[in-house]
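Remarks on the structure that follows.
The values are calculated or read from the model by the stated rules, or taken from the named source; none is laboratory data. This structure is a prediction, so every number in the text was calculated from the model and none was measured. Here Cβ is always computed from backbone atoms with ideal geometry, including for glycine, and neighbour counts include all displayed protein chains. Surface areas here come from the heavy atoms of the whole protein model, side chains and all, with no ligands, DNA or RNA. Shrake-Rupley method; radii C 1.70, N 1.55, O 1.52, S 1.80 Å.
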Amino acid sequence: MALGFIKKMFSFGKDEQAAPVVAPEEVIVPTDEQAIEERQREESTVELAPEIAEEAEPSTAEQAETAADEAADARAVLETLRDQEDSLPTSITDDIVGRHEDEAAETVEDVLSDEDQQALAIADEQHPATDEVSNVAPPEPGREPVLPAGFSTTATRAPEPVAEPEKRLTWIERLRRGLARTSAQLSSQITALFTKRRLDEDTLQDLEDLLIQADLGVETALRITDTLSSERYGKDVTGEDVSRIMAGEITKVLSPVAKPLELDLNHKPHVILVVGVNGTGKTTTIGKLAAKLSRSGLKVMLAAGDTFRAAAIEQLHIWAQRTGADIVSSKLGSDAAGLAYEAYEKARASGHDVLIIDTAGRLQNKKELMAELEKIVRVLAKLDPDAPHTVLQTLDATTGQNALNQVEIFRNIAGVSGLVMTKLDGTARGGILVAISAKHKLPVYFIGVGEGVDDLEPFNARDFAEAIAGLQTPNK
Ligand SMILES: Nc1nc2c(ncn2[C@@H]2O[C@H](COP(=O)(O)OP(=O)(O)OP(=O)(O)O)[C@@H](O)[C@H]2O)c(=O)[nH]1
């Protein structure tokens, strides 16, 4: 630093007009404002210096005279430095004088005696330039700082919060969460209804309305109110009493339909035709089923029978790859029944255990859809009169009442033999499954509780009923 400072003094000395003599004591402990001013002056000097030098090139005699003056100044400054080296604020002055080092180096060498230069070199060592200090490596991210020697602290640093890995919910938790809106709404309305009220005809009627609004259907609503009435008529009733009776009655409705999907493996392959409105989860459910069956050691073939949508064909290819199933597909727009027939023949010839056929679900063009599905069923029956052995319909749990109409339609078109309700992990309106079961009594094989390959669970009547009623089975 000291050498830099002396060099600066000499560069100023080259231009008497632009560089007023700075008294050493003014410079030794400058304030920040002074340093800034100094810097500004310095910058203007740098710009002016070449022009001035051009106009008035000093003679050799003048140069010698100036050098002698500069040497005298330098010695004075050096003396001061020797006395006060330790108090110099290096960060400020070095920044200013560093700019002139090259310019002044020559003059320093010319003017200062060897002894003086040595002294300056020592001073420099003791006050290293700021940019050398700023080269300290930045701390490693996440590394705890360790105080350098000579420092201490009593403060303890709070440990960095460690982000918890997001816990994957179990299927029952996802089901409960999906049905939470239905159950929470029902519970709060029921609680409000029975607060300080005895069970009478009016409260029973109000309860029946609430249950119908929750999509449970008239039949199930009546079962619940009848049971409640026979157990508690004229007595005080709590919300919990109603939830318990509701869960019991819903279980009774659902138990007969909670059946496993029965595979007749004598058929080789057992043919499952999957139908349902677009977006209800047909392709995803096929992928999940293929995963379960392949894992259990069965040979599975898929048929991309939704020839209407390129994305559906592509999606099924991805699922086949993921699950190790074989796949038969054809060009976009080709005849779906022809493809189903070809897939059936191939699966038979290659000894596949299960063939799962995807289909289009364009309800907007009901006539075409009906013709296409009927044709698929017809051509499959040519190879085996019992085929398709299962006609599985997917229902989207978020659609509510509309799902009831969809079952009606597909039952008539394709002879649906069983159901899968998907998206029960979303904001589901699961009550409709109770109404569908009470009306159609079709087996419900599985429920979809997510988009992942393992998010398909066998349907369990009690779990489902308790989730709707907002009850929790211990240990689940
Ligand atoms: N959250 C959730 N999403 C699901 C579930 N099942 C399917 N999905 C999603 O629903 C969307 C539609 O599913 P698809 O399997 O393509 O439905 P699709 O009936 O085959 O529809 P198309 O191919 O249009 O005929 C996709 O984004 C799926 O990931 C489920 O159980 N839970």
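Here are the numbers for the structure shown:
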read-out: Rg/Rh (Cα only; Kirkwood hydrodynamic radius) as it applies to the range 171-256; value: 0.96
read-out: Span from the the range 343-389 Cα centroid across to the the range 426-451 one, whole angstrom; value: 24 Å
read-out: Under-5 Å amide H pairs with Gly361, H placed in peptide plane, nonlocal only; value: Asn278
read-out: From phi via Karplus (6.51, -1.76, 1.60), per-residue ³J(HN,Hα) for the range 299-313 in Hz, x at Gly/Pro; value: 8, 10, 10, 10, 10, 7, x, 8, 7, 7, 10, 4, 5, 5, 5
read-out: Distant-in-sequence amide H partners of Ile356 (H built 1.01 Å from N, under 5 Å); value: Ile272, Met301, Leu302, Ala303
read-out: Relative packing of 334-340, 185-191, 232-238, which averages over residues the other C-beta atoms within 10 Å, highest first; value: 334-340, 185-191, 232-238
read-out: Virtual spin-label span in nm between Val146 and Asp200, 7 Å along Cα→Cβ; value: 8.1 nm
read-out: Relative contact order %, the range 307-450, counting alpha carbon pairs below 8 Å whose residues are six or more apart; value: 17 percent
read-out: Derived scalar couplings ³J(HN,Hα) [the range 449-466; Karplus, 6.51 cos²θ - 1.76 cosθ + 1.60; whole Hz; x for Gly, Pro]; value: 10, x, 8, x, 4, 9, 8, 10, 10, x, 6, 10, 4, 5, 4, 5, 4, 5
read-out: Residue-normalised accessible area of the range 261-459, expressed per residue, 1.4 Å probe, Å²; value: 39 Å²
read-out: Members of Lys366/Lys441; Lys268/Lys382; Lys259/Lys366; Lys288/Lys346; Lys252/Lys441; Lys259/Lys441 lying beyond 18 Å, as alpha-carbon distances in this model show; value: Lys366/Lys441; Lys259/Lys366; Lys288/Lys346
read-out: For Val275, residues with placed amide H under 5 Å, excluding near neighbours; value: Leu392, Gln393, Thr394
read-out: Fraction of accessible area attributable to carbon and sulfur, the range 221-264 (%, probe 1.4 Å); value: 48 percent
read-out: Shape call, the range 361-461: gyration tensor on alpha carbons, a/c limit 1.5; value: prolate
read-out: Karplus (6.51, -1.76, 1.60) ³J(HN,Hα), θ = phi - 60°, over the range 285-296, in Hz, Gly and Pro reported as x; value: 5, 4, x, 5, 5, 4, 4, 4, 5, 4, 4, 7
